[in-house]
Amino acid sequence: MRSALAHARFIAYEPTALRVTDGRFTEADPVSIRADLQTLRSHFDALITYDAIHGAEQIPAIAAQLQFRALIIGVWDPGAPAQLAAALDAARRFPQLVVGISLGNEMLFAHRIDPGALRDLIVQTRAQAPGVPLSTTEPFHIYDAASARALLPQLDFLLLNVHPVFQPWFRDAPDRDAAQFVVNVLAGRAPLACGPVLVKETGVPTAPPGEGFSEARQAGFYRELRRLLPPTPAQAFAYFAAFDAPWRAYDATGVPGTAGVHPEEAHWGLYDAERRPKAAARELPPLGR
């Protein structure tokens, strides 16, 4: 994990073929996943996923064939035996690729689980796979609560979501201030971490423009973040996200009390839904194999 943070370039990835409508999944096919990962591979060599099934069980083998260096597998519902089993099976089959598993994404924030039950899931999973680094993903402020902070000793590494776009000052702030916010959050959370820290989600949507979002704003934010937060074995950030997902504008969000249409949620990608690179992706220097 520490080597991956220091030397790999992470991006949060959901397959472009995946759709979720009213809780019903359209599974991603392996041909589409391969095309996604071939698009990403020249600029990224590490992936963070959100699901271990619904087609995502194909990701580890394809990523290994394309010589990705690291994969953190997300388990959307770690209480679902089939999802957890798929992630653990991938970790056993690809031990040089899978550097960790995230048991859930913003489950505490969305009130999908309580801290005690999540702690029990982590303990049970470690008993099944003692050699696999485990974490969960939450917005940084969740650990301000003592009940959530009690989870930290159970985590082998810390995955944080840090979104300056949700701060009231963001719209009129320069890119440097938005990037500095992420750095300040990490500095404040470092004493809590029991292992390395990876910012799993941070970024800027590229639309709608009326909300102050644009390709230029996204590219400028990442330009500043690369300067202020170079990767080390102790901390790094992932780009969020790989591809635009138009269906997400209408999907239920994890933010309590925010039902309805959220057009910005469709435009987090560094590539659009047709896999075309945006300015932020075009600026990145290509990676060697």
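The values are calculated or read from the model by the stated rules, or taken from the named source; none is laboratory data. Please read all numbers here as calculations on a predicted model, not as lab measurements. Counting neighbours? That spans all protein chains shown, and the Cβs are built from the backbone with ideal geometry, glycine included. For accessibility, only protein heavy atoms count, side chains too; no ligands or nucleic acids. Shrake-Rupley method; radii C 1.70, N 1.55, O 1.52, S 1.80 Å.
Note on the chain: GNM, Cα springs under 10 Å; of P60, P209, P246, the largest mean-square fluctuation is that of P209. Calculated mean residue ellipticity, 222 nm, the chain: -9000 deg cm²/dmol, from DSSP H runs (n ≥ 4) at -39500 (n - 2.57) each, averaged per residue and rounded to 500. Sites listed here are GluC sites (Glu not before Pro) in region 182-289 whose DSSP assignment is loop and whose Cβ has at most 13 other Cβ atoms within 10 Å: E274.
Roughly how far apart, in whole Å, are the Cα centres of region 49-87 and region 158-232? One Cα centre to the other: 26 Å.
Taken one residue at a time, the phi angles of region 129-143 give Karplus couplings (6.51, -1.76, 1.60, θ = phi - 60°) of 9, x, x, 9, x, 10, 8, 9, 10, 9, x, 4, 6, 4, 7 Hz. Gly and Pro are set to x.
Carbon-plus-sulfur accessible fraction, the chain (probe radius 1.4 Å, protein heavy atoms only): 54%. Approximating the spin labels as points 7 Å out from Cα along Cα→Cβ, the V261-to-E283 distance works out to 3.0 nm. In the context of the full set of protein chains, residues of the chain present 42 Å² of accessible surface per residue (probe radius 1.4 Å, heavy atoms only). Under a Gaussian network description of the chain, with springs only between Cα atoms under 10 Å, the residue in G203, G195, G260 that fluctuates furthest is G260. For V199, the residues whose amide H sits under 5 Å from its own are L160, A236, F237, A238, ignoring neighbours fewer than 5 places away on the same chain, with H placed 1.01 Å from N.
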